[in-house]
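> Below you'll find the structure I mean.
The values are calculated or read from the model by the stated rules, or taken from the named source; none is laboratory data. All figures in this text were calculated on a predicted structure; none of them were measured in a lab. Positions of Cβ are backbone-derived with ideal geometry, glycine not excepted, and every protein chain shown enters the neighbour counts.
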Amino acid sequence: MITVLVLMTLGIGLGFFVGKFPKVIKGVDKMTTWSIYLLLFLLGIGVGLNEKIINNLHTIGLQALILTIGAIVGSLIFAYITYKLFFKSK
Amino acid sequence: MKNSLIILGFFALGLILGLTRFLPEVIMESDFSLYALYLLMFLVGIGIGADRSSWKVIKETNIKIILVPLCVIIGSLVGVGAISIFTPEIQLKEALAVGAGFGYYSLSSIFITQISGETLGVIALISNILREIITLLAVPIFVKYFGKLAGIASGGATAMDTTLPVISKYTGKEWAIIAIFSGIVLTILVPFLVPFILEVL
């Protein structure tokens, strides 16, 4: 995974220079969107081929849902405290 | 929203092809998703570096704005951490990695799949999609009971794009800039935080 972070940092550096060229940025945006499509497509294939996941989809779905609830409720509580302490007067 | 549907469409298409085994051997056996991930991260990097407006937003606003993404990070991680304590099937590390997606389901699920395998990848995908959907539906209620930062917090990384319209509608336009800022910070953090949690912690 270190390769990924190195590539991303290189990208950020390169981004500073190409930021002036809207055409390049547009092309980069388009390629980004399509690589996300490609990777999710590949993840779809991987999941479809993976019998362990397909046979346990209800358990997996339930675990995902309770994790989401945890993340949202946690965020809401901390957001409430932050709002009361620092933003209320606004 | 349109983009999310297309992404889901590609996932669904892959899923159907995988389920029906309607694929050439080459795709089923080789793993070129890692190289696609390398390409994607390079492109995401360029996008971040090139985006002048996101740097400007950060420079021009009050320092306490940084508290917003910070409370989303702490809140999400504490929340999923608590869930993992009460559910023995979910390990703390896995729960934290899923929670650190902050709703950015495409990138977080891709990363988690690559590091921890497809099962956790799918949990991350579903969980973070649900975060976006629940936020879209429940922002008015959240804002009513948890204050003006509630929609921004619930939306996480999606507060800068897909959930921004509802957040701005139910919280007020003056909060939109904070929503965008928080969303940008969280979006940038996802590719650092998720591998960090899975590989370093």
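> Just checking, how many residues over segment B:87-99 are among the hydrophobic types (A, V, I, L, M, F, W, C) and more than 9 Å from chain A (Cβ to nearest Cβ)?
Of the residues in segment B:87-99, 3 are among the hydrophobic types (A, V, I, L, M, F, W, C) and more than 9 Å from chain A (Cβ to nearest Cβ).
> Next question, about the same structure. For the list (1) surrounded by fewer than 24 Cβ atoms within 10 Å (Cβ to Cβ); (2) at pLDDT 95 or above; (3) under 17 Å from the mean Cα position of the chain (by Cα); (4) hydrophobic (A, V, I, L, M, F, W, C), I need the number of the one condition that B:Leu130 fails.
Of (1) surrounded by fewer than 24 Cβ atoms within 10 Å (Cβ to Cβ); (2) at pLDDT 95 or above; (3) under 17 Å from the mean Cα position of the chain (by Cα); (4) hydrophobic (A, V, I, L, M, F, W, C), only one is false for B:Leu130: (2).
> Here is a follow-up. Any idea which of B:Phe111, B:Phe102 is in the same structural domain as B:Asp161 (by TED's automatic domain parsing), touching a helix residue (DSSP H, G or I) at 6+ places or on another chain (Cβ under 7 Å), in contact (Cβ under 8 Å) with a residue 60 or more places away in the chain and in a helix (DSSP H, G or I)?
B:Phe111
> Can I ask one more? Which of the residues spanning segment B:4-46 are assigned to a helix (DSSP H, G or I), modelled with pLDDT under 80 and of a type in the set (Ser, Thr, Tyr)?
The answer is B:Ser4, B:Ser33.
> Go through the residues of segment A:42-62 one by one and say whether even a single one is without any contact (Cβ under 8 Å) to a residue 12 or more places away in the chain, among the hydroxyl-bearing types (Ser, Thr, Tyr) and within 7 Å of chain B (Cβ to nearest Cβ). Write out each step before concluding.
Going through segment A:42-62, the residues without any contact (Cβ under 8 Å) to a residue 12 or more places away in the chain turn out to be A:42-62.
Narrowing further to those that are among the hydroxyl-bearing types (Ser, Thr, Tyr): A:59.
After this cut, where a residue has to be within 7 Å of chain B (Cβ to nearest Cβ) as well, the list is none.
For segment A:42-62, residues without any contact (Cβ under 8 Å) to a residue 12 or more places away in the chain, among the hydroxyl-bearing types (Ser, Thr, Tyr) and within 7 Å of chain B (Cβ to nearest Cβ): absent.
> I'd like the full set of residues that are surrounded by 23 or more Cβ atoms within 10 Å (Cβ to Cβ), part of a helix (DSSP H, G or I) and not β-branched (Val, Ile, Thr), limited to segment B:133-153.
Scanning segment B:133-153 gives B:Phe142, B:Ala150, B:Gly151, B:Ala153.
> Among the candidates B:Gly101, B:Gly81, which residue alone is crowded, with 24+ Cβ neighbours inside 10 Å and modelled with pLDDT of 95 or more?
Exactly one residue qualifies, and that residue is B:Gly101.
> In segment B:177-186, is there at least one residue being outside any helix (DSSP H, G or I) and of a type in the set (S, T, N, Q)? Explain how you work it out, then say what you get.
So in segment B:177-186, the residues outside any helix (DSSP H, G or I) come out as none.
No, there is no match, as no residue in segment B:177-186 is outside any helix (DSSP H, G or I) and of a type in the set (S, T, N, Q).
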